[in-house]
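Values quoted throughout were computed directly from the atomic coordinates according to the rules given, and no laboratory measurement underlies them. Keep in mind that this is a model prediction, so the values were computed, not measured. Ideal geometry is used to build each Cβ from the backbone, glycine not excepted, and the neighbour counts take in all protein chains shown.
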Amino acid sequence: MQIFDTLDISATGLSAQRRKLTAIASNVANVDTTRTDEGGPYKRRRVVMLEAPKLSKFSTMLEQQSSRMRSTSDRHMLEGEPRPGEIFTGAGVLSQEIREEAVKPRLVYDPNHPDAREDGYVVYPDINVVTEMVDMIASSRAYEANATVLSAAKDMVNRSLEI
């Protein structure tokens with residue numbers, strides 16, 4: 001593994017944790033949102049992290065394909081080859097934001113609320129602020145760890161240039 005692989009892994013980790021923190025912040029901000037554009041209460045957002053697909057390194061791809069003329073047309077690309085712009089070392093994290101359906105919404109009796117049902121209950125999102133805060137702490141620590149690795153790799157590169 002090269003030093004640039006470490007930078008790529010840390011960069012994807014930072015990006016994934018940033019997306020997770022954004023989703024958590026959205027959940028906390030909308031804990032009392034009873035009406036959305038889709039109708040009904042806000043639905044909790046959750047970020048799922050996956051292993052990044054294994055693509056060839058850019059330098060390896062150039063060496064293997066130096067004699068072939070490459071074009072952006074899909075007809076000119078072999079199946080499974082990286083597309084132009086997919087310069088990825090094959091290590092890291094991909095994140096995907098998904099919406100999770102509320103299993104059982106919170107019902108609060110408030111007949112004066114504008115979104116109250118006929119029986120006087122208001123349907124609130126099923127978001128536990130304590131759970132969201134624990135997830136936020138874990139994500140911020142993972143973000144800090146990736147930033148520390150990125151900083152250490154940068155320091156190693158700088159020290160190697162001084163030799």
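Extension gain for residue 25-residue 11 works out to 2.9 nm (0.36 nm per residue, less the C-alpha to C-alpha distance). For the range 109-157, the set of chymotrypsin sites (Phe, Trp or Tyr not before Pro) satisfying both a DSSP loop assignment and a count of at most 12 other C-beta atoms within 10 Å is empty.
Of the peptides 110-120, 126-136, the order by per-residue mean of other Cβ atoms within 10 Å, starting with the highest, comes out as 126-136, 110-120. Of the peptides 144-154, 24-34, the ranking by mean beta-carbon count within 10 Å, highest at the top, reads 24-34, 144-154.
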